[in-house]
Amino acid sequence: MTSVRSPEVGDPPSADHPRAVDPALIHTLRTQLPHTGALRRAAAPFTGQPLPGVPQANPAAVAETARSARGAQDSWARTPIREREAVARRFARALIENHDLLCDLMQWETGKARVHAAIEVQGVISVASYYGRTGAEHLRGRRARTAVPGIVSARVGYRPKGLVGVIAPWNYPLFLAVGDVIPALVAGNAVLSKADSQAPWTLLLARKLAVEAGLPPAVWQVVAGSGAEIGSAVIDAVDYLCFTGSTATGRAIARQCADRLIGASLELGGKNPMIVCADADVDAAATGAVQACFSNAGQMCIGVERIYVHERVYSQFVDAFVGRTRRLRLGSDYTYATDMGSLTSRRQLETTTAHVEDAVAKGATVLTGGRPRPDVGPLFHDPTVLADVTAAMTVYAEETFGPVVSVYRVASEDEAVRLANEGEYGLSASVWTKDLGRGRALARLIVAGAVNVNDGYLSAIAALGAPMGGMRSSGVGRRHGREGIVRYTESQTVTTQRVPTPYPDRMRAGLLRVMNSTTRLKLALPSRFFMPQPFRGRR
Ligand code: NAD
């Protein structure tokens with residue numbers, strides 16, 4: 001890899017710069033990227049000042065980096081999975097030890113509030129610890145029944161895909177860009193990450209920590225560049241793609257993966273609903289709504305953007321929710337003193353502003369907020385609650401991906417569920433009721449990959465043993481749990497025949513008659529007699 005010799009003069013001036021991030025660290029992080037001579041600078045959201053230049057790859061550099069990662073994969077796959085798990089656990093410890101530095105970097109490049117950065121670091125520590133303890137268990141082979149039990153046996157095992165590409169957006173540069181890498185590595189793959197142009201530094205620090213934790217450096221490599229310039233080259237180079245981003249980009253990427261006949265998991269957009277039932281704990285629901293709508297300044301795929309409230313508690317809920325929203329403290333500091341940070345890019349601020357202006361022009365009522373906040377920072381926007389939103393308004397069905405939520409009064413839970421299921425997405429949802437059984441029953445009626453009863457968004461994503469992902473236009477595939485690691489593997493069936501002689505055709509005809517009789521018998525027995533058996537021998 002080519003390194004950049006010197007950090008630019010004027011790179012991080014202290015006033016614009018978190019305490020712990022120094023130019024020497026930035027220089028070290030840069031050396032992990034292949035470089036073609038071009039540097040791209042994004043702006044720090046808190047201040048608008050340029051962030052350090054990021055060495056850009058081109059398609060040839062991507063192909064070369066992919067070759068190097070692929071060359072290292074075989075020996076990594078042969079490393080016993082228990083050792084790969086141990087690297088993940090050491091990585092988790094390194095993340096804990098570097099918690100503050102990771103938060104500093106992440107706030108610097110994304111503008112998120114300290115508390116949201118800290119939750120994100122904690123999330124990835126948990127992912128590394130989870131797959132560091134369960135990877136082998138999830139990928140344990142199993143026996144399968146065969147047509148001729150006793151004579152032919154079958155074992156199913158899981159082989160790594162080979163080289164996995166991971167492309168993730170800027171909003172969660174650790175949880176998404178690194179969290180999805182961990183199970184791929186534990187499964188024995190090499191990984192090629194495409195860093196997002198806005199937020200590559202946290203990812204680069206995490207990769208450095210993983211190498212220090214014992215990961216062979218060639219096994220996980222990072223390239224930087226825009227999707228338009230190097231996205232295709234990444235997809236062309238890998239055996240499987242894990243993509244997180246918008247539905248529009250996801251569709252284009254799916255087409256390219258289809259042409260190459262490689263698998264992909266696509267974690268895409270959402271317009272997530274929350275339902276407040278007549279019997280809900282209204283204060284708790286209002287607090288949960290604030291967290292679900294305004295965490296990460298609303299730039300959260302599983303954030304809530306529409307709330308359906310039963311008419312019996314509508315006024316009470318709206319008062320509590322708006323009151324709590326008004327009390328949120330906006331700010332751009334590197335402490336826990338603020339509740340909501342900045343939007344990350346000018347594009348996000350423009351979309352947020354456009355959605356609010358369009359809604360207001362068409363008759364929506366602003367219950368609180370409604371304006372950009374240049375007095376706090378160049379990309380800040382008020383946390384905003386809208387009422388009287390109609391289907392004619394953009395904000396009704398389109399993802400804002402900013403701190404804007406619409407509140408609707410409904411006459412019944414049935415109506416709430418019907419409205420929650422409107423639209424093209426199906427990522428996450430939230431239901432509030434004191435009757436937990438009723439809550440779970442409503443959850444099962446909602447078209448969403450995850451539904452949180454009496455929580456806004458966090459419970460499902462933090463339940464690492466449970467799969468997480470989208471239905472409909474919110475995506476294909478799942479992260480977390482068994483599904484989150486098995487996706488990075490190919491199942492392989494190995495059959496063994498005790499009597500290696502091929503049967504003569506005459507014998508086959510007899511055998512078929514016996515098999516049909518046995519099948520008739522099996523159809524008469526309960527299906528639990530035919531459950532797969534775990535395989536505990538050598539894999
Ligand atoms: P985006 O699709 O524009 O970009 C996401 C990433 O894809 C970026 O790193 C970008 O460089 C890359 N990219 C863009 N075009 C590409 C191409 N042709 N080939 C390869 N890579 C390409 O998304 P965004 O607007 O930056 O991110 C916000 C979106 O991501 C929202 O819609 C949000 O809901 C979604 N998201 C989904 C999840 C989830 O888990 N479902 C999580 C976070 C964000």
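Here, each number is a calculation from the coordinates, and none is a lab measurement. The model shown is predicted, which means the values in this text are computed figures rather than measured ones. Here Cβ is always computed from backbone atoms with ideal geometry, including for glycine, and neighbour counts include all displayed protein chains.
Based on the Cβ-Cβ distance from residue 391 to residue 156, what FRET efficiency comes out when R0 is 60 Å, to the nearest 0.05? Write out the running numbers ahead of the final one.
Values: r = 49 Å, r/R0 = 0.81.
Result of the calculation: an efficiency of 0.80.
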Quiz prompt | Net +/- balance of residues flanking residue 384 in space, Cβ distance below 12 Å, scoring K and R +1, D and E -1 | solution = 0
Exercise. Measure out, as a whole number of angstrom, how far apart the alpha-carbon centroids of region 257-313 and region 90-105 sit.
Key: 28 Å
Self-check item: Pairwise label distance in nanometres, residue 411 with residue 471, each label 7 Å out on the Cα-Cβ vector
Solution: 2.6 nm
Exercise. Provide the gained length on full extension for the span residue 493 to residue 229, in nm with one decimal, where the gain is 0.36 nm per separating residue minus the Cα-Cα distance.
Key: 91.1 nm
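For residue 409, what is the net charge nearby, where nearby means another residue's Cβ is under 15 Å from its Cβ and Lys, Arg count +1, Asp, Glu -1? It would help to have the intermediate numbers written out before the result.
Numbers: positive: 306, 312, 418; negative: 311, 319, 388, 413, 414, 415.
Local charge sum for residue 409: -3.
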Practice problem: Restrict the search to region 386-470; then list the GluC sites (Glu not before Pro) that DSSP places in a loop and that have at most 11 other Cβ atoms within 10 Å of their Cβ. | Solution: none
Quiz item: Quick one: helix 81-97 against the long Cα principal axis of the chain, what's the angle to the nearest 10°, folded into 0 to 90?
Solution: 10 degrees
Quiz item: region 440-454 to region 175-248: how many Å between their Cα centroids?
Solution: 32 Å
Quiz item: What FRET efficiency comes out for the pair residue 74/residue 140, r = Cβ-Cβ distance, R0 = 22 Å, nearest 0.05?
Solution: 0.50
Quiz item: Working out 0.36 nm times the residue gap between residue 346 and residue 83, then minus their Cα-Cα distance, what length gain in nm do you get to one decimal?
Solution: 90.3 nm
Exercise. Using only alpha carbon positions, build the gyration tensor of region 272-465, then give the equivalent ellipsoid semi-axes as the square roots of 5 times its eigenvalues, largest first, whole angstrom.
Key: 25, 18, 16
Quiz item: Could the peptides 455-466, 511-522 be put in order, highest first, of the mean number of other beta-carbon atoms found within 10 Å of their residues?
Solution: 455-466, 511-522
Quiz item: Going out from 0 in 10 Å bins, what whole percent of all Cα-Cα distances in the chain drops into each bin?
Solution: 4, 17, 25, 24, 16, 8, 4, 2, 0
Quiz item: What is the sum of charges around residue 519, taking Lys and Arg as +1, Asp and Glu as -1, for the other residues whose C-beta is under 13 Å from the C-beta of residue 519?
Solution: +4
Quiz item: List the lysines whose alpha-carbon lies under 16 Å from that of residue 208, not counting same-chain residues fewer than 8 positions away?
Solution: 194
Quiz item: To the nearest 10 degrees, how steep is helix 99-110 against the longest Cα principal axis of the chain, on a 0 to 90 scale?
Solution: 70 degrees
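Taking 56 Å as R0, compute the FRET efficiency from the Cβ-Cβ separation of residue 337 and residue 361 and round it to 0.05. Let's see the in-between values first.
Details: r = 36 Å, r/R0 = 0.64.
So the FRET efficiency works out to roughly 0.95.
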Exercise. Treating the angle as unsigned and between 0 and 90°, give the value, to the nearest 10°, between the Cα long axis of helix 247-260 and the longest Cα principal axis of the chain.
Key: 30 degrees
Practice problem: Give the residues of region 134-174 whose amide nitrogen is closer than 20 Å to a point set 7 Å from the Cα of residue 517 in the direction of its Cβ. | Solution: 146-152
Exercise. Only Lys, Arg, Asp and Glu count, each charged at its Cβ (+1, +1, -1, -1), so figure out the dipole size of region 272-465 about its Cα centre, rounded to 20 debye.
Key: 240 debye
